[in-house]
Amino acid sequence: MRLIYRFSIVSSFIGLWITSLLPESFELILGFILIFTFGMIHGSNDLMIVNRLSNSNNSKFFSILLTYLFVVSSAILIFYLVPVLALSLFVLFSAYHFGEQHWEETLYGFNSFLKRIFFFCYGMLILFMIFNFNPEKVVEIIYEITSYSLLEIYSSEVIITLVAILFLLISYGLYNKSIKMPSVLRELGLLLILGIVFKASSLIWGFTIYFILWHSIPSLLDQITFIFGDLEKKSIFKYAIAALPYWLISLIGISVLFLIFKNEKHFYSLFFAFIAAVTFPHAIVMLKMFTKKSA
């Protein structure tokens, strides 16, 4: 088991220990602090990755930069005008992005189509595990964002369907040796840990533990390796320095959004609108990065 997984396991249980000691209001504050630091930093160097993908071709980089900014602006606009569509797309993009981070390096022999299905189903399983243990809060947030009141999110039925699909895909992968059993056992252990965390934590704190420890930090390490070719302290420092201005711009951006729309939208609406605006292009950049790595 890689060192990062051992670190994430230990830190997850430290997060549970914090849950037993502190009130939910403090968990909420700490959760947002972590999301706005580590969580946002892991998506702050997309343009550096784009530059690496474009082989420092200035004209190509400028074109991609304009596309990136267009996607961010469009996401914010869609969240404001058609929040139901924006929230649905956010969940779909996030699901694929989460699953890709977990399995991209271990699905050796899967064709591209099956790989995409696997990534999506696995990420969606994690999201619906979070929803399943916090249904009332999920319904409340959905109503705040979309003004639609749901009586049921059908998380149990969705989870059963996703597990069935993943079981078939994993069985196929084990049969033709596209997946190694240690990878399957590792992820089963992870799902068990996440189930315990989501059951014992509030919605935001449970999501924070997953998003920071099991997604953002591993993603940061992958990005640093892709950009600089190693994980030396010098490379980590360079990455942090390069990410700093984009991170500050992101913080300013969400502050401006809050000031502009504070009388029209609640905090969760603004928070998820901004996170979605960053997630859409980030997920695409990560897809391109992983595709280039596996080429």
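Bear in mind these aren't lab numbers, they're just calculated from the coordinates by the rules spelled out. Nothing here was measured: the structure is a model prediction, and the numbers come from that model. When we count neighbours, we look across all protein chains shown, and the Cβ atoms used for this are built from the backbone with ideal geometry, even at glycine.
Here are some notes:
- Lysine pairs in region 3-294 with Cα atoms under 18 Å, if 8 or more residues apart or on separate chains: 9
- Of 147, 201, 74, the one that fluctuates the most in a GNM where the chain has Cα springs shorter than 10 Å: 147
- Value of [θ]222 nm, deg cm²/dmol, for the chain, DSSP H segments ≥ 4, -39500 (n - 2.57) each, nearest 500: -27000 deg cm²/dmol
- Globularity ratio of region 151-253, using Cα Rg and 2.2 N^0.38 Å: 1.45
- Point-charge dipole on Cβ atoms (K/R +1, D/E -1) for the chain, about Cα centre, debye to 20: 980 debye
- At full extension, residue 200 and residue 242 could sit 11.4 nm farther apart than now, given 0.36 nm per residue minus the alpha carbon distance.
- Prolate/oblate/rounded call for region 60-123, Cα gyration tensor, a/c under 1.5 rounded: oblate
- Here the label points at residue 167 and residue 184, each 7 Å from Cα along the C-beta direction, are separated by 1.2 nm in the simple model.
- Comparing 122, 246, 154 in a Gaussian network model of the chain where C-alpha atoms under 10 Å apart are linked, the largest mean-square fluctuation is found at 154.
- Equivalent-ellipsoid semi-axes for the chain (Cα gyration tensor, √(5λ), whole Å, largest first): 27, 26, 20.
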